[in-house]
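Inspection log for the structure reproduced underneath, given as structure tokens.
The values are calculated or read from the model by the stated rules, or taken from the named source; none is laboratory data. This structure is a prediction, so every number in the text was calculated from the model and none was measured. Here the Cβ positions follow ideal geometry from the backbone for every residue, glycine too, while neighbour counts run over all protein chains shown.
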């Protein structure tokens, strides 16, 4: 792929994944309201936010350019778990996730001119039972305040605390990059 796409995300993890895939890109981000109608299910909510991020930058670039935007949510028992507000909230979230199965859903919007490809990828993650000490250690050392579900799978907690995943590992990092690559080929 020779075209330089626009990544409408400031996520270091999404940047890293596109670099690993050797997709040329530049980051263009505009502040975006990340709320969504309560009537949307988890997949629809993630797609809705991703589309808002993509549309926020669309008018600032040439219509011939391709935009990729994404939003990741963590879902436990049909409840969307957002980013933690502070240390206590991160500990509370991880305490809820430990020993349980949850879903990581990344909504993706790929736009080129009037074409839009929207999809969501779902990965199931199961944590081992973690002690309160392990959870506090992780939160205090890694400060996962900018991460949905209060964790990053590529950090200590993923290496030591995750029992299994079903689905795309990179989706949990924030972008189902293989599916994005296939979409870019087809758009």
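Quick check: is even one residue across the stretch 52-60 in contact (Cβ under 8 Å) with a residue 12 or more places away in the chain and surrounded by fewer than 16 Cβ atoms within 10 Å (Cβ to Cβ)?
Residues of the stretch 52-60 that are in contact (Cβ under 8 Å) with a residue 12 or more places away in the chain, as a first pass: 52-58, 60.
Now drop any that are not surrounded by fewer than 16 Cβ atoms within 10 Å (Cβ to Cβ), which leaves 60.
For the stretch 52-60, residues in contact (Cβ under 8 Å) with a residue 12 or more places away in the chain and surrounded by fewer than 16 Cβ atoms within 10 Å (Cβ to Cβ): present.
Annotation note: Cβ proximity below 9 Å between a residue of the stretch 71-85 that is on the phi > 0 side of the Ramachandran plot and free of Cβ contacts under 8 Å to residues at least 40 places away in the same chain and a residue that is in a strand (DSSP E or B) and surrounded by 15 or more Cβ atoms within 10 Å (Cβ to Cβ) (sequence gap 6+ or interchain) occurs for 77/102.
Checked against (1) more than 26 Å from residue 36 (Cβ to Cβ); (2) surrounded by 15 or more Cβ atoms within 10 Å (Cβ to Cβ); (3) out of contact with any strand residue (DSSP E or B) (no Cβ under 9 Å at 6 or more places or on another chain), residue 156 passes all but condition (2). Look at (1) closer than 30 Å to residue 133 by Cα; (2) at pLDDT below 95 and you find that residue 33 fails only one, number (1).
Selection of the stretch 5-51 for residues being in contact (Cβ under 8 Å) with a residue 24 or more places away in the chain and in a loop (DSSP other than H, G, I, E, B) yields 8, 9, 11, 21, 23, 28, 29, 30, 31, 32, 34.
Can you confirm whether the stretch 88-102 contains a residue that is under 18 Å from the mean Cα position of the chain (by Cα) and under 26 Å from residue 56 (Cα atoms)? Write out each step before concluding.
Within the stretch 88-102, the subset under 18 Å from the mean Cα position of the chain (by Cα) is 90, 93-94, 97, 101-102.
If we keep only those that are under 26 Å from residue 56 (Cα atoms) as well, we get none.
So far as the stretch 88-102 goes, no, none of its residues is under 18 Å from the mean Cα position of the chain (by Cα) and under 26 Å from residue 56 (Cα atoms).
Of 69, 62, 56, which residue is assigned to a strand (DSSP E or B) and either farther than 30 Å from residue 101 by Cβ or touching a helix residue (DSSP H, G or I) at 6+ places or on another chain (Cβ under 9 Å) (or both)? Going through 69, 62, 56 in turn, just one is assigned to a strand (DSSP E or B) and either farther than 30 Å from residue 101 by Cβ or touching a helix residue (DSSP H, G or I) at 6+ places or on another chain (Cβ under 9 Å) (or both): 69.
Residue selection: residue 113 fails the criterion of being within 30 Å of residue 137 (Cβ to Cβ) and free of Cβ contacts under 8 Å to residues at least 60 places away in the same chain.
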